[in-house]
Amino acid sequence: MKRRRLAVLVSGTGRNLAAILDAMRRGEIRGQVSLVLSNRPGVRALDIAREHAIPSAVIDHRDYADRPQFDAALAGAIDASGAEAVVLAGFMRVLTGEFVQRYTGRMLNIHPSLLPLYRGLRTHQRALDDGQATHGASVHFVTPELDGGPVIKQGRIHIGPEDTADSLAARIFAEVECRLYPEVVGWLTSGRLRLRHGRPELDGEPLQAPLLEDYDAAR
Ligand code: GRF
């Protein structure tokens, strides 16, 4: 069977990239990464690509006069790699509407909060400041609205009295993101997940609400 190709866009440590590549190696995701693209040189995510013998490239946003030119360079590299879908994995640049539209229904992002709560940055500290009992991560289709696209699945954990922003960031990656993102990426590459009329559809069924799973049920 044909293996769907993905481009993974990164800016940093690449833990989500590693989780996706490991899941592919285990045969849990039917697909392959045709390109890892970073907007920053020298980041750990590029080492991970190299370790997995995946082609990688740096397209440094500082080399471009404006966002449209940067995004055009990204799109050129993605399309040249033969990628059919785009996975944002800690990619820290805001994308233009034109770029997003080009990949509508074919581009996913993971965000470290239970969207629509806490779009943007500093999500863990903001959840603590608000005295939230729970927190988590969301995987969504990307739309031009920042962190505002239709959510597919969320993973939730409980915030403990000992938690800090740093401990929450670590727990959310270790307990939620590294399992949640490969699962949803696998749905996309296997054709089980689609975006239809602006709403995620899994196995032909429109999702009435995001799927929600407790990832620390044993605690
Ligand atoms: C993750 O917390 C992800 O949710 C957010 O950025 C972080 C990326 O980490 N969008 P990594 O680069 O995958 O290690």
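Just so it is clear, none of the values below were taken in a lab; they were calculated from the coordinates. Because the structure is predicted, anything quoted here is derived from the model rather than measured. Here the Cβ positions follow ideal geometry from the backbone for every residue, glycine too, while neighbour counts run over all protein chains shown.
Worth a mention:
- Sorting the segments 61-69, 181-189 by their mean number of nearby beta carbons within 10 angstrom, highest to lowest, gives 181-189, 61-69.
- Where the alpha-carbon atoms of region 86-219 are placed on the principal axes, they occupy 43, 31, 22 Å, in descending order.
- Note on region 163-219: the alpha carbon radius of gyration divided by the globular reference 2.2 N^0.38 Å gives 1.39.
- Close amide H contacts of Leu35 (hydrogens built in the peptide plane, cut-off under 5 Å, sequence separation of 5 or more or a different chain): Leu6, Val8.
- Value of relative contact order over the chain, rounded to a whole percent, pairs C-alpha under 8 Å and six or more apart: 20 percent
- The convex hull of the Cα atoms of region 1-70, projected and averaged over all directions, covers 5.1 nm².
- Crossing angle, helix 15-25 versus the chain [Cα axis fit, 0-90 degrees, rounded to tens]: 70 degrees
- The angle between the Cα long axis of helix 178-189 and the main principal axis of the chain comes to about 50°, on a 0 to 90 degree scale.
- Globularity ratio of region 60-145, using Cα Rg and 2.2 N^0.38 Å: 1.26
- The chain: calculated mean residue ellipticity at 222 nm from DSSP helix runs of at least 4, using -39500 (n - 2.57): -8500 deg cm²/dmol
- For the chain, a simple Cβ point-charge model (Lys and Arg +1, Asp and Glu -1, everything else neutral) yields a dipole of about 640 debye relative to the Cα centre.
- Within the chain, antiparallel bridges make up roughly 45 percent of the DSSP beta bridges whose residues both belong there.
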